[in-house]
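Everything on this sheet refers to the single structure shown next.
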Amino acid sequence: MNYYSTRSAKKENAKTAAEVIIKGLSDDGGLYMPERIPKIDGKFLQKLRTLKYYERASEVLSLFLTDYTKETLLDCADKAYNYTFDGENAKVSALKDENISMLELWHGPTCAFKDMALQIMPRLLSKALEMTGEKKTAKILVATSGDTGKAALEGYRDVKGVKIAVFYPQNGVSRMQKMQMATQEGENVAVFAIKGNFDDAQTGVKNIFSSADIKEKLLKKNTFLSSANSINFGRLAPQIVYYFSAYCDMLDKNGITPGEKVNITVPTGNFGNIFAAYIAKLMGLPVNKLVCASNSNNILTDFISTGVYDRNRKFYTTMSPSMDILISSNLERLLYLVCGPEKTAFYMKELSEKGRYEIEKDELERIKENFCAYFATEKECADTIRQTFEKQNYLCDTHTAVALCAARKFEKDEGAGLKNIVVSTASPYKFAPDVLSSLGRSAKNPDDDKDVINALSEYTKTAVPKPISELFGKKIRFDTVLDKTEMAKAVLEF
Ligand SMILES: *Cc1c(COP(=O)(O)O)cnc(C)c1O
């Protein structure tokens, strides 16, 4: 399987999966995509049904990462999924009285769905460095709206031949996320807060990646840059797996029959997770519609209904901070599949020069065949948390609540009685203050996270995940705050 940039499919630029995982972003600024989407049949699903999660992962990954052996993939998946998760990898549970099953992807070491990809990607990168004979140190740069940073730090800590630096918006992540990153252990890690929002951090990282000057300076230190953001195909591929896994589990548990179509709703920020679901659909997983759920930063809701992508708008800081994004990088991959590389390059140029582009009517129609989009206001998000807990005894976090709200709107408009999968992307304890106040409760001391967490646990009679309870008592290791103009310097010095 060859990989090409979303901005040019020139044969001479073909890359292997290992090269793509090392490089992250293409030199022309585009994202890598496989030359074709592999197709599966009913037999493949029947086989997956009999397997454990890590084996399912190696089966699906082997269709894309064809330069890795099956044994290598199975070994990477075993180490990624069988030791650091709390016994569940992708847990499906049906909500009472509703056509909705929750797909919980937050049972890993950082309590967010990013673990599903970031526990395996460092292992895939290590193998890729071996396979390609790369001797230089890989410096991973991550811009994060909260969850990617911690999950990447945890995945890459003390991995040989790799260093990792994480940049997060100073006031754009939750207190718990900040504490998770500031206390990160490991000898090869660095964490920086940035004065600005997530898009500032992401643009800063992208600029560093495209600077020839920095590249040259790092080369002199025998170092090169690599990325762990969802622009890296090595992040995207493992995310395809859990959609297959969820479907298999629903065949067993939740009364769907082979071939029966389901809708999937995904709380969306950078468009990575929902794009992985779209790939699963293109591969042949029986999926009807993909519902793109946004918070008040509803640029994708507008895009999918009008075809206009316009980032010249107010930026909101919401209680679902991992979705507070105005530039959804992975949307470029969808444009590539719908419009081809030349048009994609043109739209991306428009976006960087004018902050806006508009796709053609027929292109929008093709997107609408597969996608629809809804958003939830802050009040709707809070109401969803409270009502779902009170009526169905199911506790969800703020991001998941946005998706649940969107899924219910979709179901009412055009659900057609099909079963729905709603992707649950974080433990409610990761966003405990907002979850607790959404429930109409408060802690004795709302500024003390430990108090808030205990109050949430007592009221809902749910257990605090270990990675969260263990945070208290850890030493703060990182408290540097940088201006966005200082990011390049930090990268060179680290
Ligand atoms: C990252 C994240 C999202 C958004 O996922 P994308 O792949 O960026 O669309 C949603 N919820 C949570 C909790 C996240 O950490």
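The figures follow:
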quantity: Fully extended contour minus Cα-Cα distance, from VAL308 to LYS10, at 0.36 nm per residue; calculated: 104.5 nm
quantity: Using a Förster distance of 35 Å, the FRET efficiency for PHE478-ASP362 (Cβ separation, nearest 0.05); calculated: 0.10
quantity: Two-site label geometry, GLN170 and ASP67: point separation in nm, points 7 Å out along Cα→Cβ; calculated: 4.2
quantity: Pairs of Cα atoms farther than 14 Å apart, region 396-454, %; calculated: 60
quantity: Selected from PRO34, CYS111, ILE274, residue furthest toward positive end of dipole (the chain; charges at beta carbon); calculated: PRO34
quantity: Cα gyration tensor, region 183-270 - rounded (a/c under 1.5), prolate or oblate; calculated: prolate
quantity: Convex hull volume per residue for region 10-123, taking Cα atoms only, in Å³; calculated: 158
quantity: Per-residue HN-Hα couplings for region 438-453 [Karplus 6.51, -1.76, 1.60; θ = phi - 60°; Hz; x = Gly/Pro]; calculated: 4, 6, x, 10, 9, 8, 4, 10, x, 8, 9, 4, 5, 4, 4, 5
quantity: Inter-site label distance for THR50 and THR462 at 7 Å from Cα along Cβ, in nm; calculated: 3.6
quantity: Above-threshold pairs, the threshold being 30 Å between Cα atoms, out of LYS43/LYS289; LYS23/LYS450; LYS114/LYS136; LYS70/LYS136; LYS127/LYS206; LYS79/LYS136; calculated: LYS23/LYS450
quantity: Residue-by-residue Karplus 3J(HN,Hα) for region 105-118, coefficients 6.51, -1.76, 1.60, Hz, glycine and proline x; calculated: 10, 10, 8, x, x, 10, 6, 9, 5, 4, 4, 4, 9, 7
quantity: Taking the chain and dividing mean pair separation by its residue count, relative contact order in percent (alpha carbons under 8 Å, at least six apart); calculated: 19
quantity: Gyration tensor over alpha-carbon atoms, the chain, equivalent ellipsoid semi-axes in Å; calculated: 30, 28, 23
quantity: Charge dipole (debye, nearest 20) of the chain; +1 at Cβ of Lys and Arg, -1 at Cβ of Asp and Glu; calculated: 620
quantity: Linear extension gain, LYS253 paired with ASN454, 0.36 nm per residue minus alpha-carbon span; calculated: 69.1 nm
quantity: Local electrostatic count at ASN171 - Lys and Arg +1, Asp and Glu -1, tallied over other residues with Cβ under 10 Å; calculated: +2
quantity: For region 222-280 and region 424-494, distance of Cα centres in Å; calculated: 26
quantity: Mean residue ellipticity (222 nm) of the chain, computed from DSSP H runs ≥ 4 via -39,500 (n - 2.57), nearest 500; calculated: -14000 deg cm²/dmol
quantity: Relative contact order [Cα under 8 Å, 6+ residues apart], region 274-386, whole percent; calculated: 40
quantity: For region 31-47 and region 88-113, distance of Cα centres in Å; calculated: 24
quantity: Partners for LYS409 among aspartates and glutamates (Cα-Cα distance below 15 Å; same-chain residues under 8 apart left out); calculated: GLU98, GLU380, ASP383
quantity: Rg/Rg_globular for region 364-494, with Rg_globular taken as 2.2 N^0.38 Å and Rg from C-alpha atoms; calculated: 1.38
quantity: When each of LYS178/LYS466; LYS52/LYS253; LYS15/LYS52 is checked by Cα-Cα distance, pairs over 19 Å; calculated: LYS15/LYS52
quantity: Dipole moment magnitude, nearest 20 debye, region 257-335 about Cα centre, only Lys, Arg, Asp, Glu C-beta charged; calculated: 60
quantity: Percent breakdown of C-alpha pair distances by 5 Å bin, ordered from the shortest bin, for region 282-389; calculated: 2, 11, 19, 22, 18, 13, 8, 4, 1, 0
quantity: Restraint check, LYS91/LYS461; LYS354/LYS419; LYS10/LYS91; LYS39/LYS361, Cα-Cα greater than 30 Å; calculated: LYS354/LYS419; LYS10/LYS91
quantity: Positive-end extreme of charge dipole, the chain - chosen from MET319, ALA90, TYR3 (charges on Cβ); calculated: TYR3
quantity: Segments 270-282, 134-146 sorted - mean Cβ within 10 Å per residue, highest first; calculated: 270-282, 134-146
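Values in this text are rule-based calculations from the coordinates and carry no lab data. For clarity, every value in this text was computed on a predicted model and none was experimentally measured. With ideal geometry, Cβ positions are generated from the backbone for all residues, glycine too; neighbour counts draw on all protein chains shown.
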